[in-house]
Amino acid sequence: MNTESKTSNSAEENTRDLRQEFSELPFDRKIATLMELEMVAVTEAFDKIANASATLGKKIFDSVLSDDPTKCDRAAGSEKEKTV
């Protein structure tokens, strides 16, 4: 048996055990557990959104303040043409 199938078997066993454990919880603990899981999911979603926003902002910032002076000259030239 290779390690991948061992991992999938142990993951399946863990899932089965968690489901069994969850089904044995009283109703109020089930609700509390579900709320905790939802908070984890929401936190991860906000983290992904924040990281994507930061990445986009960095790309925009880098494009505006380019290290390549020829890009800056071209951008400035096209801005002058638009205003005239």
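Values as computed for the structure displayed
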| item | result |
| --- | --- |
| Matching residues in region 25-38 - criterion: being over 22 Å from the mean Cα position of the chain (by Cα) and in a helix (DSSP H, G or I) | 27, 28, 29, 30, 31, 32, 33 |
| Residue pairs meeting the criteria (Cβ under 9 Å; at least 6 apart or on separate chains; first at negative phi and polar (S, T, N, Q), in region 22-41; second surrounded by 11 or more Cβ atoms within 10 Å (Cβ to Cβ) and in a helix (DSSP H, G or I)) | 23/30; 33/22 |
| Enumeration of residues in region 6-42 that are among the polar types (S, T, N, Q) and surrounded by 10 or more Cβ atoms within 10 Å (Cβ to Cβ) | 7, 8, 9, 10, 14, 15, 33 |
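So that you can scan it fast, the table gives a plain yes or no per residue for (1) assigned to a helix (DSSP H, G or I); (2) at pLDDT below 95:
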{"residue": "1", "(1), (2)": "no, yes"}
{"residue": "4", "(1), (2)": "yes, yes"}
{"residue": "9", "(1), (2)": "yes, yes"}
{"residue": "40", "(1), (2)": "yes, no"}
{"residue": "44", "(1), (2)": "yes, no"}
{"residue": "56", "(1), (2)": "yes, yes"}
{"residue": "63", "(1), (2)": "yes, yes"}
{"residue": "66", "(1), (2)": "no, yes"}
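The values are calculated or read from the model by the stated rules, or taken from the named source; none is laboratory data. Values in this document were obtained by computation on a predicted structure and should not be read as measured data. Reconstructed Cβ throughout: ideal geometry from the backbone, glycine too, with neighbour counts over all protein chains shown.
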